[in-house]
Amino acid sequence: MELQVIQSKIYEIRGSRVMLDFDLAKLYSTETSLLKRAVRRNMERFPEDFMFQLTNEETQNWKSQIVTSNSIKMGIRRNPYAFTELGVAMLSSVLNSKTAIQINMSIMRVFVVIRHQILTPPKNELHE
């Protein structure tokens, strides 16, 4: 999977980089309802630092920020769940499919790239 596609699905909400349930379901080639059902069956694996549900206000703010993108369906009926890097890693254990494992490896690589970009200051070039 192309890392840029995954990177475009990572948002900053509540000061954390997260991926939303419907984006993850699409990446895993499953329905959002099936992903949520697997999570609900294993809620003890998803404390708040792994996953949280967006508030009405957060959902509205998120929608207003991405309104220019036609690729995102705006008819969301319920506030989506947001998964942090830790939550995404946990998803592979509850979904337990080869696709989920492969996609999760790609997602983890993207989170590492983002963290590296943040922690590595740009190099100053000296011009003589």
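The values are calculated or read from the model by the stated rules, or taken from the named source; none is laboratory data. Small disclaimer: the values here were computed from a predicted structure and weren't measured. For neighbour counting, all protein chains shown are included, and Cβ atoms are generated from backbone atoms with ideal geometry for every residue, glycine included. The area values use the complete protein model at the heavy-atom level, side chains included, leaving out ligands, DNA and RNA. Shrake-Rupley method; radii C 1.70, N 1.55, O 1.52, S 1.80 Å.
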### Which of Arg77, Arg17 is most accessible, then next, and so on - probe 1.4 Å
Arg77, Arg17
### the chain, relative contact order in percent, only Cα pairs under 8 angstrom and at least six apart counted
32
#### Entry: Separation of the Arg115 and Asn61 label points, Cα + 7 Å toward Cβ, nm
2.4
### Query
Which option, [x] 1.02; [y] 0.96; [z] 1.00, is the value of Rg/Rh (Cα atoms, Kirkwood Rh) that was calculated from these coordinates?
[x]
### Query
What helices does the chain have that are whole DSSP H segments, at least 20 Å long along their own axis by Cα, and with mean Kyte-Doolittle hydropathy of -1.0 or more?
98-119
## Note on the structure
Under a 1.4 Å probe, counting only protein heavy atoms, Ser33 has an accessible area in Å², nearest 10, of 60
